[in-house]
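What follows is one structure encoded as structure tokens, with my remarks underneath.
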Amino acid sequence: FEGFIPDQRTVDEELESREIGRVISDYLKQTSDKKLYIFISRYYFAIPIKEIANKLNCSESSVNKEIKAIKTELLQKLNKEGIDL
């Protein structure tokens, strides 16, 4: 297995990671299109807030407020599902 890099995570860490992914996915399925766009743009594609604001024709502070709301809602959902970060 030359060149193979073994995964260093334990089974518990892998299960927790999958559960967090499931909760995030469930949250995104239930959120508004605007919040979904902001979340994916910022955290998946790492698009700067200024670019997101320009694309949505809104201010950077508006995008920042949405990001704060997303983080709060997502943290509440994770906590409700028994995941403490």
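Any chance you could give the angle, 0 to 90 degrees and rounded to 10, that helix 60-80 forms with the longest Cα principal axis of the chain?
Approximately 40 degrees, to the nearest 10.
Return the carbon/sulfur percentage of the accessible area of segment 30-85, one whole number, probe 1.4 Å, all protein chains in place. Please report the intermediate quantities before stating the final value.
On the way: 2040 of 3990 Å².
The value for segment 30-85 is 51 percent carbon and sulfur by accessible area.
In segment 7-85, what trypsin sites (Lys or Arg not before Pro) fall in a loop by DSSP, with at most 11 other Cβ atoms inside 10 Å?
Taking segment 7-85 and a limit of 11 other Cβ atoms within 10 Å, the loop trypsin sites (Lys or Arg not before Pro) found are Arg9.
Under a Cβ-only charge scheme (Lys and Arg +1, Asp and Glu -1), can you give me the dipole magnitude of the chain about the Cα centre, in debye to the nearest 20?
660
Return one whole number: the accessible area per residue of the chain in Å², for a 1.4 Å probe.
78
Can you flag which of Lys29/Lys68; Lys35/Lys55; Lys55/Lys80; Lys29/Lys77; Lys50/Lys80 are past 23 Å Cα-Cα?
Details: Lys29/Lys68 18 Å; Lys35/Lys55 13 Å; Lys55/Lys80 33 Å; Lys29/Lys77 13 Å; Lys50/Lys80 32 Å.
Going by Cα-Cα distance, Lys55/Lys80; Lys50/Lys80 fall outside the 23 Å limit.
From the residues Ser61, Val23, Leu85, which one has its Cα farthest along the dipole of the chain in the positive direction, the dipole being from +1 and -1 charges on Cβ of Lys/Arg and Asp/Glu about the Cα centre?
Value: Ser61.
Let me have the relative contact order for the chain, percent, based on Cα pairs under 8 Å that are six or more residues apart.
Relative contact order comes out at 30 percent.
The values are calculated or read from the model by the stated rules, or taken from the named source; none is laboratory data. This is a predicted model, so every value here is computed, not measured. Here the Cβ is made from the backbone with ideal geometry for all residues, glycine too, and neighbour counts use every protein chain on show. Please note that ligands, DNA and RNA were not included when accessible areas were found on the heavy atoms of the full protein model with its side chains. Shrake-Rupley method; radii C 1.70, N 1.55, O 1.52, S 1.80 Å.
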